[in-house]
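The values are calculated or read from the model by the stated rules, or taken from the named source; none is laboratory data. Note that the coordinates shown come from a computational prediction; the quantities given were computed from them, not determined experimentally. For neighbour counting, all protein chains shown are included, and Cβ atoms are generated from backbone atoms with ideal geometry for every residue, glycine included.
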Amino acid sequence: MNTAFLSSGMMLAFAAFSAFSISDAYSKLLAGQLDPFEVAFSGGVFGFLIIPFIRRPDESYRDIFSTTHPLMWLVRAVSIFAATAASVEAFMLLPMPEALSLMFLMPLFVTILSVALLHEKVSGWAWLAVILGFVGVLIVLRPGVRAMHLGHLCALIAAVANAVGVIAYRLAGTSTPRLSLFGSSLFGPLIGDGALMLAHAHWPHGVKTWAFLFGYGFLAALGQLLMMMATERAPANRVALPQYSQMLWAVAFSYFLFHQPLDGWTFVGIVVVTFSGMLNWIRQRIRYRHMAMKERRAAKQRAQAQYVVSRN
């Protein structure tokens, strides 16, 4: 793969996770002003602004609903609805690094669901990485020492829902149009959060509130677009690495914007959670490097065999 093309994929991934992080900060800034479901609903509304940039020339806008796996489209829509609603509530109630550390349990749930539903084989290194991440979350939460509340539950729900969305994407295969994948991420929050916000919703007042709503919804959708572009330029294991930059954003926002500095144990837990993700990335990098070396050796052996045959 071209090095410059790969680097552009990594930069797009960094930009995507930066957009997600700033979007999360906007949702936290709206705490106490709007219902969490109303904030999550705005993500679907403002996300429509991104559709013209996602649609390929050969795609129709009707492809938003076009899929060879309708059940998986529905599962993705429901899981994204649950993830957005739960994550908005979690960020409103918890310091951003604490909420994010719980959401970083998603790889653990993906691994468990992959074994249970997809019957995939998971290596010992992968299990070590997800277990280490779980230990890091326990250090952050310190159950029995600190009281758990709704914010922690919402962060866990967001991690599980995102994991279900990943499994649904795998089950749907690669034949689903890109516009359809993005459509499920819009209509889930639009319908689900739209229905749940009716009892408590009110019209936002003030330019600042509208700016925060727009920032949350538009940047979340922009992050999705940038991630799609990144995965077209770089392998999945490279694109996943910049995800951990979100923790740096979260710590910075928590300290400078929300004035919620971390205690020592929380910092240690965050380091352990981040290291667990890095360990999994290193394992994948070594694995792909070994695979590439085997392919090069096989190609060299084939070339030598062809040369011997041609000489004879």
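Structure above, values below:
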item	result
Only one of D24, D58 that is without any contact (Cβ under 8 Å) to a residue 12 or more places away in the chain and at negative phi	D58
Residue match in segment 12-34 (condition: of a type in the set (D, E, K, R) and either in a loop (DSSP other than H, G, I, E, B) or in contact with a Gly (Cβ under 9 Å, 6 or more places away or on another chain) (or both))	no
Residue match in segment 100-107 (condition: in contact with a His (Cβ under 8 Å, 6 or more places away or on another chain) and modelled with pLDDT of 85 or more)	yes
Residue check for F48: within 23 Å of L198 (Cβ to Cβ) and either of a type in the set (D, E) or buried (at least 24 other Cβ atoms within 10 Å of the Cβ) (or both)	no
Which listed residue, of M197, M228, is modelled with pLDDT under 85, of a type outside the set (V, I, T) and either surrounded by fewer than 20 Cβ atoms within 10 Å (Cβ to Cβ) or over 19 Å from the mean Cα position of the chain (by Cα) (or both)	M228
Boolean, V140 is more than 27 Å from F187 (Cβ to Cβ) and free of Cβ contacts under 8 Å to residues at least 60 places away in the same chain	no
Odd one out for E89, checked against (1) in contact with a helix residue (DSSP H, G or I) (Cβ under 6 Å, 6 or more places away or on another chain); (2) modelled with pLDDT under 85	(2)
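Every residue, every condition in (1) more than 18 Å from the chain's Cα centre (by Cα); (2) more than 16 Å from L186 (Cα to Cα); (3) among the acidic types (D, E), yes or no:
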residue: P70; (1), (2), (3): yes, no, no
residue: R76; (1), (2), (3): no, no, no
residue: S79; (1), (2), (3): no, no, no
residue: T84; (1), (2), (3): no, no, no
residue: E89; (1), (2), (3): no, yes, yes
residue: M92; (1), (2), (3): yes, yes, no
residue: P95; (1), (2), (3): yes, yes, no
residue: E98; (1), (2), (3): no, yes, yes
residue: L105; (1), (2), (3): no, yes, no
